[in-house]
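S.K.: Sharing a structure, written as structure tokens. Questions coming.
The values are calculated or read from the model by the stated rules, or taken from the named source; none is laboratory data. Fair warning: this is a prediction, and the values are worked out from it, not measured in the lab. Cβ sites come from the backbone with ideal geometry, for glycine too, and all protein chains shown count toward neighbours.
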Amino acid sequence: MSTTELASLGGGEIGYVREIEIDKAAELLGSSVDVPADTTLFALYSADGTPMAIADSREGALANAFEHDLEAISVH
């Protein structure tokens, strides 16, 4: 299976949530993120890896998946 075929799995139906570092959040948002250094952030990505939302809790990221009609899975 090619990388493109793998990325298209779950197209529009599956997303994944993973914990991210503050630096990664800043990279995704294109700016500095003004949160305390010990803050844990979670990102929701579409199945193809496109970032969709950032939240300060896993539950918040899962709620974003629900709002986008995505079946969410967690990635560790």
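S.K.: Which of the residues belonging to segment 31-76 are part of a strand (DSSP E or B), surrounded by 15 or more Cβ atoms within 10 Å (Cβ to Cβ) and either aliphatic (A, V, I, L, M) or in contact with a Leu (Cβ under 8 Å, 6 or more places away or on another chain) (or both)?
M.R.: Listed by number, the residues that qualify are Leu41, Ala43, Leu44, Ser46, Pro51, Met52, Ala53, Ile54, Ala55, Ala72.
S.K.: If you don't mind, another one. With the structure loaded, tell me whether Val17 is at pLDDT below 85, under 21 Å from Glu59 (Cα atoms) and of a type in the set (A, V, I, L, M) or whether it fails that test.
M.R.: When the stated conditions are applied, Val17 does not pass them.
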